[in-house]
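Enquirer: What follows is a single structure, and I will ask about it in a moment.
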Amino acid sequence: MSGCRSVVATAGGASRCRWRIVRLSCPTGQVCVLCVAGEVDRTSMGLLRAGLAKAFTGRPDHVMIDLAEMSFCSAQGMDELVEAGRWASDSGVDYRVSGASRQVERCWSHLWAADLLPARFPNAKAALLAIGVQPDAGSDDQAVG
């Protein structure tokens, strides 16, 4: 990413759910990307909540949740992601979700009113471009998608 500095943290280890955080320092402000992988269900909700809490630590200007590597998400997990978006909105933090599966998108559209849903993008690159983060030409940086 052009002009960005990143810091990576991970959690979850061998758990069915795991996450990593990439923090970018860019001209548009501080960007925190929470990449969620594996299965989010009742037994792994604590890990998702911990990742969301870590993503908002330091009050970044932008929080992006990348779900491209998430293989399953319970309704409770989807609700956590929507609630995090509400909290972000109330706190003045830009919040977006990228890479949600068709199943998650379909559930969200049936379970929640459109005005309650977070901004959604097909992939991390599109979400970052919408923030104003420009990828480096020819960059092999795969940290966020």
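The values are calculated or read from the model by the stated rules, or taken from the named source; none is laboratory data. These figures come from a predicted structure and were not determined experimentally. Neighbour counts run over all protein chains shown; Cβ positions are idealised from the backbone, glycine included.
Enquirer: Testing Y95 on (1) at pLDDT below 90; (2) closer than 21 Å to G29 by Cβ, one condition comes back false. Which one is that?
Expert: Just one mismatch for Y95, condition (1).
Enquirer: Of the conditions (1) under 24 Å from T28 (Cβ atoms); (2) in contact (Cβ under 8 Å) with a residue 24 or more places away in the chain; (3) exposed (fewer than 14 other Cβ atoms within 10 Å of the Cβ), A88 fails just one. Which one is it?
Expert: With (1) under 24 Å from T28 (Cβ atoms); (2) in contact (Cβ under 8 Å) with a residue 24 or more places away in the chain; (3) exposed (fewer than 14 other Cβ atoms within 10 Å of the Cβ) applied to A88, the lone miss is (3).
Enquirer: Report, by residue number, each residue of segment 15-27 that is surrounded by fewer than 16 Cβ atoms within 10 Å (Cβ to Cβ) and either at pLDDT 90 or above or assigned to a loop (DSSP other than H, G, I, E, B) (or both). Give the steps one after another, and end with the answer.
Expert: To start, the set of residues in segment 15-27 that are surrounded by fewer than 16 Cβ atoms within 10 Å (Cβ to Cβ) comprises 15-16, 25, 27.
Residues satisfying the conditions are S15, R16, P27.
Enquirer: Turning to a different aspect of this structure: Looking at (1) exposed (fewer than 13 other Cβ atoms within 10 Å of the Cβ); (2) assigned to a loop (DSSP other than H, G, I, E, B), which is the one condition that is false for Q134?
Expert: Here Q134 meets the rest and fails (1).
Enquirer: Taking A68 as the residue in question, decide whether it is at pLDDT 95 or above, closer than 18 Å to F121 by Cα and under 15 Å from the mean Cα position of the chain (by Cα).
Expert: Details: at pLDDT 95 or above: yes; closer than 18 Å to F121 by Cα: yes; under 15 Å from the mean Cα position of the chain (by Cα): yes.
Yes; evaluated as a whole, the condition is true for this residue.
Enquirer: Those residues that are under 15 Å from D94 (Cβ atoms) and surrounded by fewer than 17 Cβ atoms within 10 Å (Cβ to Cβ), I need them from segment 29-63; list them, please.
Expert: G29, Q30, G58, R59, D61
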